[in-house]
Structure formats: C-alpha cells, structure tokens
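The structure under discussion appears below in the form of structure tokens.
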Amino acid sequence: MTSAAAPMEPADRHPRFGHARVERVQRVDARLRQRLLTIWTDVSNAGGWVGFVPPVDRRDVAPALDAALRRIHDGRDWLIVVRVPRAAADPSGRVDVPNPLAPDEDVVAGFVILADNDRLLSEHWRWVIRVQIHPEFQNARLGGVLLDGAARIAADAGLEKLHLTVRGGEGLEHFYARAGYHEVARIPGAIRVAHGDDRDQVILVHPLGGDSDAGAG
Ligand SMILES: CC(C)(COP(=O)(O)OP(=O)(O)OC[C@H]1O[C@@H](n2cnc3c(N)ncnc32)[C@H](O)[C@@H]1OP(=O)(O)O)[C@@H](O)C(=O)NCCC(=O)NCCS
C-alpha cells in the first residue's frame, strides 16, 4: 500500500487497472483453463513471443496449455497469475499488490510459469517462461507487478535465482531490467524467426534474496 508518493517512472504515464493481486494457483479449474487459453491465444495473435507464430486459434494453443497444466498439477511447475478487479477497466485506478478482493470478483489479466529445470543439481533456481499479459491489459504495469510477485513467491519458497530467455532485438531487456533481471549469456543467432532473420537468444538472471551478483559461470 505504498501510495501516490512513489517516484515517477516512464510507465506511470500508462493507465492503471486498479489493485492487482499476484498468486500461485496449484489447481486450475475449467473456468480458469478457459481464461488462460484466451490469454495465450490473444497474446499470440497480437504478436507476443510465447511459443506460437500467429495466426493461431484456441485449438492450436490448447495442447500446449494442457501439457503445461499437467506439469502444474503434478506440482513440478508453478503457475503464477495476476488478477485485477472485474471493474478494473477504470483507467484512473491504480495497480498495487497485495489486495484483499475475493477471487470471484477478479479477472485474470496475465500469467507466468516458474518451471522446474529438471536438473537434480539445479534445484536452487527455476526458469521463468510464458510471461504474458492479455493485450487489453498491457502497458499498465501489470507485467512488472506479475514479475515482482513471482519473484517474491520464488524467494519465499527458498529459491535463489530465476532465469529467463528472451529473443534479442525486441527491446524487452529494458522491461526485464526494471524487474531486476540482467543479461548473463547470449547465444548468437540461436533463434530463426524467418529465413534471413536470425536473433540472439539472451539469457537473463534475477538473483533473489539480495545477491548483487548472478554468480553464473
Ligand atoms: C511483455 C509483457 C508481459 C509486458 O507486460 P505489460 O503489462 O505490458 O508491461 P508493463 O506495463 O509492466 O511495462 C511495459 C513496458 O514494457 C515495454 N514492452 C512491453 N512489451 C514490449 C515488447 N514486445 N518490446 C519492447 N518493449 C516492450 C513497454 O514499452 C513498456 O515500456 P515503458 O514503460 O518504458 O514505456 C506484455 O507486453 C506481453 O504480454 N507481451 C506479449 C508476450 C511476450 O512477448 N512476452 C515476453 C516473452 S519473453
């Protein structure tokens, strides 16, 4: 509940969607599955980099979502969602966490998965994958709120780092830098967006718990 005295950042120019709440969801019911499918499909069709090349429809995305949900329901991967009040289209609202609204008063605006890296000697960190905010809610700081909340949940669970890969040349490094991530490695030309359009794969780290150094090497 920090308030209006917070320092101005460039993103403060954007509209807000009211209070936001970030939480881990361990069991996804049919209603939430539909919402996640809508988000993933609409984000993909808006050009978001979340595993698909547009155009896609819900039937294209459903198998990937259901595979992700199997790992989430196994407890292997963690689903983190950001919710905003249903009446949140009010641009004068303010994004903040946490907030006490009941879940059925909220709408899921976006999600991220904290994925187990499946390595026995690497249990102190996770991959951050599928970062996405529904296009109707983008540019309102919800992506930042989601990443901050996910980092808090990870730190509370005892994790020491989060890693993430981004496609170079998209300008997203700035967004992630604001959330505490910095580059530790780059694989030149690893991603072929199209013939003649190879991009670097950039690996970012967010050290949790106040480490100033990523300790990668
Ligand atoms: C990336 C994403 C999660 C950011 O969420 P958001 O709620 O819009 O982000 P915020 O409002 O907290 O921050 C917005 C900032 O990120 C920047 N940004 C967002 N998407 C960007 C993109 N594709 N390329 C470059 N910058 C981007 C905005 O320009 C803005 O910067 P500014 O505040 O300096 O003007 C959201 O845009 C999204 O879902 N994108 C599609 C999916 C995707 O590409 N995910 C990333 C996978 S690595």
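A few notes on this one:
- For the stretch 146-196, the set of residues classified as among the charged types (D, E, K, R) and part of a helix (DSSP H, G or I) consists of Asp148, Arg152, Asp156, Glu173, Arg178, listed by residue number.
- Of all residues in the stretch 31-73 being exposed (fewer than 13 other Cβ atoms within 10 Å of the Cβ) and of a type in the set (D, E, K, R), the one that is modelled with the lowest pLDDT: Arg31
- Selection of the stretch 47-60 for residues being of a type outside the set (Phe, Trp, Tyr), in contact (Cβ under 8 Å) with a residue 12 or more places away in the chain and under 20 Å from Thr165 (Cβ atoms) yields Gly48, Val50, Gly51.
The values are calculated or read from the model by the stated rules, or taken from the named source; none is laboratory data. None of the values given here were measured: they were computed from a predicted structure. Cβ coordinates were reconstructed from backbone atoms using ideal geometry, including for glycine residues, and neighbour counts include every protein chain displayed.
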